1. Collect the residues in the stretch 137-173 that are outside any strand (DSSP E or B) and near the ligand (Cβ under 8 Å from one of its atoms), keeping them in residue-number order.
2. Determine whether LEU188 is at positive phi, among the hydrophobic types (A, V, I, L, M, F, W, C), surrounded by fewer than 23 Cβ atoms within 10 Å (Cβ to Cβ) and at pLDDT 95 or above.
3. What residue, of ASP223, ASP178, ASP204, is free of Cβ contacts under 8 Å to residues at least 40 places away in the same chain and surrounded by 14 or more Cβ atoms within 10 Å (Cβ to Cβ)?
4. Restricting attention to the stretch 207-218, and to residues there that are free of Cβ contacts under 8 Å to residues at least 40 places away in the same chain and not in a loop (DSSP other than H, G, I, E, B), which single residue is surrounded by the most Cβ atoms within 10 Å (Cβ to Cβ)?
5. Which numbered condition trips up VAL191, out of (1) within 28 Å of ARG80 (Cα to Cα); (2) touching a His at 6+ places or on another chain (Cβ under 7 Å)?
6. Look through GLY268, GLY246 and report the one residue that is in contact with a Leu (Cβ under 8 Å, 6 or more places away or on another chain), away from the ligand (no atom under 13 Å from the Cβ) and of a type in the set (Gly, Ala, Ser).
7. For the stretch 50-79, give me the residue count where each residue is in a loop (DSSP other than H, G, I, E, B) and farther than 30 Å from ALA140 by Cα.
8. Just give me the residues in the stretch 41-61 being in contact (Cβ under 8 Å) with a residue 12 or more places away in the chain, closer than 18 Å to ALA84 by Cα and touching a helix residue (DSSP H, G or I) at 6+ places or on another chain (Cβ under 7 Å), in sequence order.
Amino acid sequence: MTSSFPAPLSASSRSAASPAVTAGIVERLRAAGCVFAEDEAALMLSTARGPAELDAMVGRRVRGFPLEQVLGWAEFCGLRVTVAPGVFVPRRRTEFLVAQATALLREANGGDSTDGTDGSHAGIVLDLCCGTGAVGVAVAAALGPGSCELHAADIDPVAVACARGNLAAAGGRVYESDLYAALPRELLGRVGLLVANAPYVPTDAIALLPPEARDHEPLVALDGGADGLDVQRRVAEGAARWLTPGGQLLIETSERQAARTVAAVARGGLEPRVAACEELGATVVIGAKPDRSTAQGTASATASAPVTAPGAGGHTAA
Ligand SMILES: C[S@@+](CC[C@H](N)C(=O)[O-])C[C@H]1O[C@@H](n2cnc3c(N)ncnc32)[C@H](O)[C@@H]1O
């Protein structure tokens, strides 16, 4: 089977520019304040399809657009994910969300391969607030071709169009939807894994974001309301209806907001815990829907839930 996911990263073989052209680009980028001017110039040189496109790329970068929007792609979990103008750029810390999700699915499969070669299947994966679709695509790619049924949703039509491109080869479906509102009803109670990197920046903190984010990523991708948790709370409140018994919700949050995310997940009837990765500065709250065959009930699930980090890259968080 040919690869059904966005291309893994590889060295590009686009035309080599003369040293003078390269030096000129580096100089323009450096003058605009790009700290990694040489690296960025190399990426643009390897991506542009000709001098006009190269010049346009450098111009947009000089005007402050995020590098990934300029290139049209971002590296995420070793994949090259298309990033359209105006769509949230997947962050490196979100790779921890993917690692946690993948570890849970492998665990649920008894540690068996989920690459489809042994007939195992990880079930339905739903990526809410998907942006480019990077999280869902990376989970599916990590599990292997044919190993899960991938669905994704975003409220922003520009993000939806971008995600459709990224998910197409994996056979994933993308819905323009305010969270669960436009999802197909047949997914109710059948989702094994629900991942959400919803906006979680408190409104007052938007002004403090770097200009690349503040000026070139849509507000709807950043603004999480007064305490940053408005969208997360709605994700948590609705998750149990869509999850299968034993299914898991994973929400990226920040260390500072984790206790409130945990409380929201518990209020949604799930059993919460926190996983964190210091290296990536990443925090994920995981909520398990009790499996009816083993559950004791969720009444005791509280914000003081156990704090653990299974799987690659994690460690116990305080
Ligand atoms: C922080 S970005 C994350 C994008 C992607 N998950 C990632 O990690 O790269 C949040 C995304 O949530 C979407 N969003 C915000 N509110 C939403 C809502 N009510 N329903 C669906 N999507 C929403 C935004 O359009 C944006 O694409």
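1. Of the residues in the stretch 137-173, the ones outside any strand (DSSP E or B) are 137-148, 155-172.
Within the stretch 137-173, ILE155, ASP156, ALA159 meet the criteria.
2. Details: at positive phi: no; among the hydrophobic types (A, V, I, L, M, F, W, C): yes; surrounded by fewer than 23 Cβ atoms within 10 Å (Cβ to Cβ): yes; at pLDDT 95 or above: yes.
For LEU188, the condition - at positive phi, among the hydrophobic types (A, V, I, L, M, F, W, C), surrounded by fewer than 23 Cβ atoms within 10 Å (Cβ to Cβ) and at pLDDT 95 or above - is not met.
3. ASP223
4. We begin by selecting, within the stretch 207-218, every residue free of Cβ contacts under 8 Å to residues at least 40 places away in the same chain; these are 207-210, 214.
Checking the rest, the ones that are also not in a loop (DSSP other than H, G, I, E, B) come to 207-208, 214.
Values: ALA207: 7, LEU208: 9, ARG214: 15.
Result: ARG214.
5. Only one criterion in (1) within 28 Å of ARG80 (Cα to Cα); (2) touching a His at 6+ places or on another chain (Cβ under 7 Å) is unmet by VAL191, namely (2).
6. Details: GLY246 fails: in contact with a Leu (Cβ under 8 Å, 6 or more places away or on another chain).
Selected residue: GLY268, the only one of GLY268, GLY246 that is in contact with a Leu (Cβ under 8 Å, 6 or more places away or on another chain), away from the ligand (no atom under 13 Å from the Cβ) and of a type in the set (Gly, Ala, Ser).
7. As a first pass, look at the stretch 50-79 and keep what is in a loop (DSSP other than H, G, I, E, B): 50, 63-66, 72, 77-78.
Filter once more, so that each one left must be farther than 30 Å from ALA140 by Cα: 50, 63-64.
Residues in the stretch 50-79 being in a loop (DSSP other than H, G, I, E, B) and farther than 30 Å from ALA140 by Cα: 3 in total.
8. LEU43, MET44, THR47, ALA48, LEU54, MET57, VAL58, ARG61
The values are calculated or read from the model by the stated rules, or taken from the named source; none is laboratory data. A quick note: this is a predicted structure, and the numbers were derived from the prediction, not measured. All Cβ positions, even for glycine, are placed from backbone atoms using ideal geometry, and neighbour counts span all protein chains on display.
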